[in-house]
Amino acid sequence: MTDYHSSSGLRGRKVLGVVGKTCRVRTYEAGRVCVVEGCSTKLSMYNPSPTCACHTAVWRSSLRKAQDSAPRREPEVRTCAHEPCGREFVTTNPARKYCSDACRMRAFQARCVRARREQDIGETAQAS
């Protein structure tokens, strides 16, 4: 007899994964019709969308337009947070601190170097 070993510690039994289990396929109401006005396409019971394939992009874009009508942020002038740079830049992103990726990376490297120095100072003080 062949022993099957698995990470769960079972011996002599074959461990079945998803393949051995019967998975229920999600179905939706039968007899649904596309919600777009004038379309009489009958939807599949496996289609989660309320529209047919022909109107899916149109329907989603109309939803996006409604969401996009939200007020846009006003552009604001900021100063780069990387001290050696100090350039001014315009942004609408409230989380943006640096004028460019280069400044962002230089500031990160400077923070890492500073943290290493502080860690080294702390270790030498403890060793003394």
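Structural remarks
- The range 51-64 - residue that is outside any loop (DSSP other than H, G, I, E, B) and either hydrophobic (A, V, I, L, M, F, W, C) or not assigned by TED's automatic domain parsing to the domain that holds residue 30 (or both) and, of those, modelled with the highest pLDDT: 57
- Residues that are outside any loop (DSSP other than H, G, I, E, B) and at pLDDT below 85 within the range 1-50 comprise 18, 19, 20, listed in sequence order.
- Residues (in a helix (DSSP H, G or I), among the charged types (D, E, K, R) and at pLDDT 90 or above) located in the range 65-115: 101, 104, 106, 111, 114
The values are calculated or read from the model by the stated rules, or taken from the named source; none is laboratory data. Being a predicted model, the structure only gives us computed values, none of them experimental.
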